[in-house]
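Below is one structure; the comments refer to it alone.
The values are calculated or read from the model by the stated rules, or taken from the named source; none is laboratory data. Given the structure is predicted, the values throughout are model-derived calculations rather than measurements. No Cβ is skipped: glycine too gets one built from the backbone with ideal geometry, and neighbour counts run over all protein chains shown.
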Amino acid sequence: MTRLKPIFAFLVLATLVARIVPAAAQTAQAPTLKASATVTGEIVRIGDLVENAGAVADVPIFRAPDLGQTGSVPADRVLNAVLQHHIIGLDTRGLSEVEVTRATRTITAKDIQARILRALSGKYGLPDINNLTVILDSDVHNIDVEPTATKELDVSRLSYEPRSGRFDIAFDPPGNPTARRQPLHFTGILAETFDAVVSAHELAQGQVLKPTDVSIERRPKSEFTPTALTNLDQLQGLSAKHVLHAGQVIRQADVSKPELVGRNETVTIVYEVPGIRLSVLGKSIEPGGLGDSINVLNVESKRTVQATVTGPSRVTVNAGTRLTADATP
């Protein structure tokens, strides 16, 4: 009898464990409502909204929002929908609704322009597409397609007039049968381009240009002039002579050295001759940047001399500099 007691106790313990473990596992895997979901395609399935939905996870219950859009489903609607598929005791976690977002892949205007260039590349005797740009006749809005539709836009129609550079092209959007019955149609001009320095944002008059203020862009050759800047090094140490608008092609006449001396400004004139250095008060007759030669008036002698701008409100006259004018009769 004494031997049977431990065996009996073991059997009782084993029975309790057998009952408790499945119950705990079932609790850990109970169906639970999600706070949000991102879906691909036109259908929302039970598994998109409910964790641990089990065998019915792939059952469709709602239509998805439009591409790229987000909608919400009230929690009670989800409860009613899944109840029909024998999901009982759904834990809503106190949620009143579930946000559902339909995933999308966006085709931008730049994507469209690049695709047009690729479609025309190697045809009609055109030069390297890196030296071409597409100018569309109208603005292009972003186009949303299914994220699984990774195939490139198919060209359904293409015509090009080499003399004028005009093109007419239509694409079949990928992955959406409905959209395929409505081809994407674009017209415009194909133009040769050049590298241009443009302002990245509006620049104030007198603002010294930094690398972040400008960028290099390909621009139509119709905008090219011999004075257009094509290299960022050409702007080093220069400032805007007047207001420059965002995206404006910068030309030589738009920039200059930063003005260190203004017109009619009081300046210090430094006279330098071997062994002698003399400073006197002067007045600038014209503005100038570092290293510029400008006319200044010696206030004491009333004579005008040519001087070199050497710093803010400071000019230097070296030995041999001649007088350029006499301020007195």
## Note on the structure
Of the candidates 183, 174, the one satisfying the condition of being assigned by TED's automatic domain parsing to the domain that holds residue 143, modelled with pLDDT under 85 and either closer than 30 Å to residue 260 by Cα or under 25 Å from the mean Cα position of the chain (by Cα) (or both) is 174
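Just for segment 208-224: of the residues that are touching a strand residue (DSSP E or B) at 6+ places or on another chain (Cβ under 8 Å) and hydroxyl-bearing (Ser, Thr, Tyr), which one is modelled with the highest pLDDT?
Keep residues of segment 208-224 that are touching a strand residue (DSSP E or B) at 6+ places or on another chain (Cβ under 8 Å), which gives 208-209, 213-224.
Next, from what is left, pick out any that are hydroxyl-bearing (Ser, Thr, Tyr): 215, 222.
Numbers: 215: 92, 222: 82.
Applying the filter and picking the extreme gives 215.
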### Message
Quick test of your reading of the structure: residue 72 fulfils all but one of (1) surrounded by fewer than 16 Cβ atoms within 10 Å (Cβ to Cβ); (2) under 30 Å from residue 153 (Cβ atoms); (3) touching a strand residue (DSSP E or B) at 6+ places or on another chain (Cβ under 9 Å); (4) not aromatic (Phe, Trp, Tyr). Name the failing condition by number.
### Response
(2)
### Query
How do the pairs read when you match residues in segment 265-289 that are free of Cβ contacts under 8 Å to residues at least 24 places away in the same chain and under 15 Å from residue 311 (Cβ atoms) with residues anywhere that are hydrophobic (A, V, I, L, M, F, W, C) and surrounded by 16 or more Cβ atoms within 10 Å (Cβ to Cβ), using Cβ under 6 Å and keeping only pairs 6 or more apart or on different chains?
279/270
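Surrounded by fewer than 17 Cβ atoms within 10 Å (Cβ to Cβ) and on the phi < 0 side of the Ramachandran plot: is that true of residue 146 in this structure? Write out each step before concluding.
Numbers: surrounded by fewer than 17 Cβ atoms within 10 Å (Cβ to Cβ): no; on the phi < 0 side of the Ramachandran plot: yes.
Considered against the rule, which asks whether it is surrounded by fewer than 17 Cβ atoms within 10 Å (Cβ to Cβ) and on the phi < 0 side of the Ramachandran plot, residue 146 comes out as no.
Looking for whichever is among the polar types (S, T, N, Q), in the same structural domain as residue 65 (by TED's automatic domain parsing) and surrounded by 11 or more Cβ atoms within 10 Å (Cβ to Cβ) here; the options are 92, 133. Which one fits?
Values: 133 fails: in the same structural domain as residue 65 (by TED's automatic domain parsing).
None of the other options fit; the residue is 92.
State all residues of segment 232-280 that are among the acidic types (Asp, Glu) and loosely packed, with under 15 Cβ neighbours inside 10 Å; if no residue qualifies, say none. Let's see the steps before the verdict.
Filtering segment 232-280 down to residues among the acidic types (Asp, Glu) leaves 233, 254, 259, 265, 272.
Within segment 232-280, 233, 272 qualify.
Taking the conditions exactly as written (modelled with pLDDT of 90 or more and surrounded by 11 or more Cβ atoms within 10 Å (Cβ to Cβ)), does residue 156 satisfy them or not?
On the way: modelled with pLDDT of 90 or more: yes; surrounded by 11 or more Cβ atoms within 10 Å (Cβ to Cβ): yes.
For residue 156, the condition - modelled with pLDDT of 90 or more and surrounded by 11 or more Cβ atoms within 10 Å (Cβ to Cβ) - is met.
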### Query
What number of residues within segment 142-167 are outside any strand (DSSP E or B) and within 27 Å of residue 192 (Cβ to Cβ)?
6
#### Entry: Among the candidates 150, 106, residue that is modelled with pLDDT under 85 and within 24 Å of the chain's Cα centre (by Cα)
150
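Kindly establish whether residue 80 is out of contact with any Gly (no Cβ under 6 Å at 6 or more places or on another chain), outside the structural domain of residue 39 (by TED's automatic domain parsing) and exposed (fewer than 15 other Cβ atoms within 10 Å of the Cβ).
On the way: out of contact with any Gly (no Cβ under 6 Å at 6 or more places or on another chain): yes; outside the structural domain of residue 39 (by TED's automatic domain parsing): no; exposed (fewer than 15 other Cβ atoms within 10 Å of the Cβ): yes.
Criteria not met by residue 80.
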### Task
Of the numbered conditions (1) outside the structural domain of residue 135 (by TED's automatic domain parsing); (2) touching a helix residue (DSSP H, G or I) at 6+ places or on another chain (Cβ under 6 Å), residue 264 fails exactly one; give the number of that condition.
(2)
### Odd one out for residue 229 among (1) out of contact with any Pro (no Cβ under 6 Å at 6 or more places or on another chain); (2) over 28 Å from residue 133 (Cα atoms)
(2)
